[in-house]
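Accompanying notes for the structure given below.
The values are calculated or read from the model by the stated rules, or taken from the named source; none is laboratory data. Everything quoted here is computed from the prediction, not taken from an experiment. Virtual Cβ from ideal backbone geometry, glycine too; neighbours counted across all protein chains shown. Please note that ligands, DNA and RNA were not included when accessible areas were found on the heavy atoms of the full protein model with its side chains. Shrake-Rupley method; radii C 1.70, N 1.55, O 1.52, S 1.80 Å.
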Amino acid sequence: PSFSLNYQEQTMIERNDEIKKLIDEFVSKVRVYAPFDRYENIKEMVDHTIIRKGFLSMTWKERLKLFTQCKVGRSYGDEIITLNSKYTLFHEMLHSITTVGYRTNYNTGKVEHNFYTGFYQYTEIENAQGETIEEYRFGRGLNEGMTEKIMKDIFGKAESYNYERKICDVLELIIGEKTLRHAYFKADLESVMNKLASTEEEKEEFKRFIKYLDYVNSVNNNFNPTC
């Protein structure tokens, strides 16, 4: 994936009346739910996220990925694609506003991309020819579950990732709603782990569980309409 996430360097995105109305609804409800100290940054990210809607707005590679991996929506951090309902738009926008870290490192001819979105951590290392030679993905299952949990909590509707969402319901009972919610909006999976695990052995067990959930998420991915 290609991310810039330089929101301060972008101009305000032009949107039609339909998208403006939906985004106003999204912001008005998220502002009550998100951590107070994150709200101004979230508002800026919403204002500068490019929204592409419809099949014709996509490249052929994006169309292929949507058909083979994700059915109706995709997030690139500062740019999202949506094909149908407002709930898909809101799901992808949650991914956008919880993407809080990205950098590019140039070292020994390699390019390293890192980003953190909600509970999902991703690293991609490319060689000098732009070919991916290493990837690290961790926490996607938990992130999708939490995103859909928030969709249900805020907007009253969850369309996918039911198993992953139920895992987040259980985590909320263990560590508390505020702790779980704040960790998600600040892309801080480590704080969740620290609440659940006090020893290195317990932390390793937590990591194994997250990887298992990632596996379940990948197996069920064809049945989930958003990503």
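Against the numbered list (1) under 30 Å from Ile23 (Cβ atoms); (2) open to solvent by 20 Å² or more (accessible area, probe 1.4 Å); (3) touching a residue at least 24 places away in the same chain (Cβ under 8 Å), Asp214 comes up short only at (1).
Of the residues that make up region 182-192, is at least one surrounded by fewer than 17 Cβ atoms within 10 Å (Cβ to Cβ) and either more than 17 Å from the chain's Cα centre (by Cα) or among the polar types (S, T, N, Q) (or both)? Yes.
Screening Thr179 on (1) in a loop (DSSP other than H, G, I, E, B); (2) without any contact (Cβ under 8 Å) to a residue 24 or more places away in the chain; (3) more than 22 Å from Asn220 (Cβ to Cβ) shows it passes everything except condition (1). The set of residues from region 1-57 being polar (S, T, N, Q), under 18 Å from the mean Cα position of the chain (by Cα), open to solvent by 50 Å² or more (accessible area, probe 1.4 Å) and modelled with pLDDT of 75 or more comprises just one member, Asn41. The single condition among (1) open to solvent by 30 Å² or more (accessible area, probe 1.4 Å); (2) of a type in the set (Val, Ile, Thr); (3) touching a His at 6+ places or on another chain (Cβ under 8 Å) that Val219 does not meet is (3).
Listed here are the residues, each with its yes/no results for (1) part of a helix (DSSP H, G or I); (2) under 21 Å from Ile210 (Cα atoms); (3) open to solvent by 80 Å² or more (accessible area, probe 1.4 Å).
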| residue | (1), (2), (3) |
| --- | --- |
| Glu124 | no, yes, no |
| Glu134 | no, yes, yes |
| Arg137 | no, yes, yes |
| Glu144 | yes, yes, no |
| Thr147 | yes, yes, no |
| Lys152 | yes, no, yes |
| Ser160 | no, yes, no |
| Asp169 | yes, yes, no |
| Glu172 | yes, yes, no |
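Every condition in (1) free of Cβ contacts under 8 Å to residues at least 24 places away in the same chain; (2) under 20 Å from Thr98 (Cβ atoms); (3) not in a helix (DSSP H, G or I) holds for Lys195 except the one numbered (3).
Just so you know, in region 79-98 the residues that are open to solvent by 10 Å² or more (accessible area, probe 1.4 Å) and farther than 17 Å from Tyr33 by Cα include one that is modelled with the lowest pLDDT, and it is Asn84.
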